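A quick write-up on the structure given underneath.
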Amino acid sequence: MSFTRRRFLKGTLAAGAVATVPSFYINKVLAQEQTLRIYAWAGYFTDEMLADFTEKTGIRATFTPYGTNDELMNSLRATDGTGFDVIMPTVDRVPGYLDYDLVQPLDESRINWSGALDSAIEGSRVGGVVDGKRYFAPSDWGTEAITWHRRYADIDRANLSYADLWNPEHGQGVTVRGHSALVGIGLWLEREGRLPYPLLDSYRSEEAMRANFDVILEEAVKHKQMLVQFWNTENEAQAAFRTNGAVIGQTWDSTAFRLQQEGEDIAYGAPKEGALAWMEGFVIPKNAQNPDAVYELINWYYTPEAGAMFVKATGYNSTSKGATELLPEETRQFFTDSYTDEDLANLWWWPIQEPWYVALRNEYQDRYLSA
């Protein structure tokens, strides 16, 4: 993405005082007549959060979880954008929903933008605003990097690299997600000058993508015997460490956060090639039945209290102003321990993933899984 990531992250860490929330015109009578149907990532809405939302707005809500962006896309394509009132894709995937005419633009006048980090609003323009219309209200951001068990993996935190995953000393103790592991390997090979094209060119042309990923796949298959399992969802990534013997892996930050909460001696860090970073947000499907309630949900979320509940539930970073100040010390400490200032300045943000790229990415992932 083209905006200044350092400024976005500074905004995330520095936002504090909460502005007075102005009144917004929303047809609450219509919104309260129907249940709000939320379709979001597993773990994103706890019973406590849903109860608080209902208490504050009078609107009943149900939560259906999904585990991957592809699952979300396939569900909406199968129903032509019906069945749910709000979804939470990553911003890099939003243009793909427009290609299939599955989502509708937001009425920005109905959103309390003063409750969201300015840097997140500006940062989500790439992917979230298409042809001058905004489809995406940012909710959170996070990363995918290296999680390791301190007792079983000897890691030099200052020189951490995606290559460290494939240290033979880890034996058959590695867990990764297929398609993003290929990107991590690609960043490592790019740093060593072993790719025919810059990795970002893979997102711009099929020629560059195939040339790069042929090299990446060959390297990945060399180390496949070290994998204890592939993961696709948060629960699978946690299980790899909790019960299946993983000692190191490329996972989301939430995996390490939740394992630490359970008392596991787990660390999380960004490799020198850059942690893979993403942003998610609220999007309204084309045939949503209760869009009025979605604006109530967004404005409820853009409060410090709701943002803090989300962070405590997920381990991800909320875009709600003032949320950080309400978090327990151990939650804030996880962020401090996981990222240096240099790490935050060096994040590798997922580029826009158009449908042609996703199809090729899945092709190479399938070849990796079946090799």
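The values are calculated or read from the model by the stated rules, or taken from the named source; none is laboratory data. Note that the coordinates shown come from a computational prediction; the quantities given were computed from them, not determined experimentally. Glycine gets a Cβ as well: all are built from the backbone with ideal geometry, and neighbour counts include every protein chain shown. Please note that ligands, DNA and RNA were not included when accessible areas were found on the heavy atoms of the full protein model with its side chains. Shrake-Rupley method; radii C 1.70, N 1.55, O 1.52, S 1.80 Å.
For the stretch 229-243, does any single residue satisfy the condition of being more than 25 Å from the chain's Cα centre (by Cα) and at pLDDT 95 or above?
Keep residues of the stretch 229-243 that are more than 25 Å from the chain's Cα centre (by Cα), which gives none.
No, the stretch 229-243 contains no residue that is more than 25 Å from the chain's Cα centre (by Cα) and at pLDDT 95 or above.
Every residue, every condition in (1) within 14 Å of W348 (Cα to Cα); (2) at pLDDT 95 or above; (3) assigned to a helix (DSSP H, G or I), yes or no:
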{"residue": "P138", "(1), (2), (3)": "no, yes, no"}
{"residue": "W141", "(1), (2), (3)": "yes, no, no"}
{"residue": "L189", "(1), (2), (3)": "no, yes, yes"}
{"residue": "P196", "(1), (2), (3)": "no, yes, no"}
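Does N346 meet the test of being modelled with pLDDT of 95 or more, buried (at least 16 other Cβ atoms within 10 Å of the Cβ), of a type in the set (S, T, N, Q) and under 21 Å from the mean Cα position of the chain (by Cα)? Reasoning before the result, please.
Details: modelled with pLDDT of 95 or more: no; buried (at least 16 other Cβ atoms within 10 Å of the Cβ): yes; of a type in the set (S, T, N, Q): yes; under 21 Å from the mean Cα position of the chain (by Cα): yes.
For N346, the condition - modelled with pLDDT of 95 or more, buried (at least 16 other Cβ atoms within 10 Å of the Cβ), of a type in the set (S, T, N, Q) and under 21 Å from the mean Cα position of the chain (by Cα) - is not met.
Looking at the structure I just gave you, is E325 over 30 Å from A181 (Cβ atoms) and either part of a helix (DSSP H, G or I) or open to solvent by 10 Å² or more (accessible area, probe 1.4 Å) (or both)? First the steps, then the outcome.
On the way: over 30 Å from A181 (Cβ atoms): yes; either part of a helix (DSSP H, G or I) or open to solvent by 10 Å² or more (accessible area, probe 1.4 Å) (or both): yes.
So E325 fits the description; yes.
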For this session: Please indicate, with yes or no, whether at least one residue in the stretch 323-333 is touching a Ser or Thr at 6+ places or on another chain (Cβ under 9 Å), modelled with pLDDT of 90 or more and more than 29 Å from L160 (Cα to Cα).
Result: yes
Exercise. Exactly one of (1) of a type outside the set (S, T, N, Q); (2) more than 25 Å from D343 (Cα to Cα); (3) under 21 Å from the mean Cα position of the chain (by Cα); (4) crowded, with 19+ Cβ neighbours inside 10 Å is unmet by E144. Its number?
Worked result: (2)
For this session: Scan the stretch 114-130 and give yes if some residue there is crowded, with 17+ Cβ neighbours inside 10 Å, among the small types (G, A, S) and closer than 21 Å to K222 by Cβ, otherwise no.
Result: no
For this session: Scan the stretch 309-333 residue by residue and report those that are under 17 Å from the mean Cα position of the chain (by Cα) and within 17 Å of D253 (Cβ to Cβ).
Result: F310, V311, K312, A313, T314, G315, Y316, N317, S318, T319
Exercise. In the stretch 349-371, how many residues are open to solvent by 70 Å² or more (accessible area, probe 1.4 Å) and not aliphatic (A, V, I, L, M)?
Worked result: 5
Exercise. Is it the case that D214 is open to solvent by 10 Å² or more (accessible area, probe 1.4 Å) and over 30 Å from G58 (Cα atoms)?
Worked result: yes
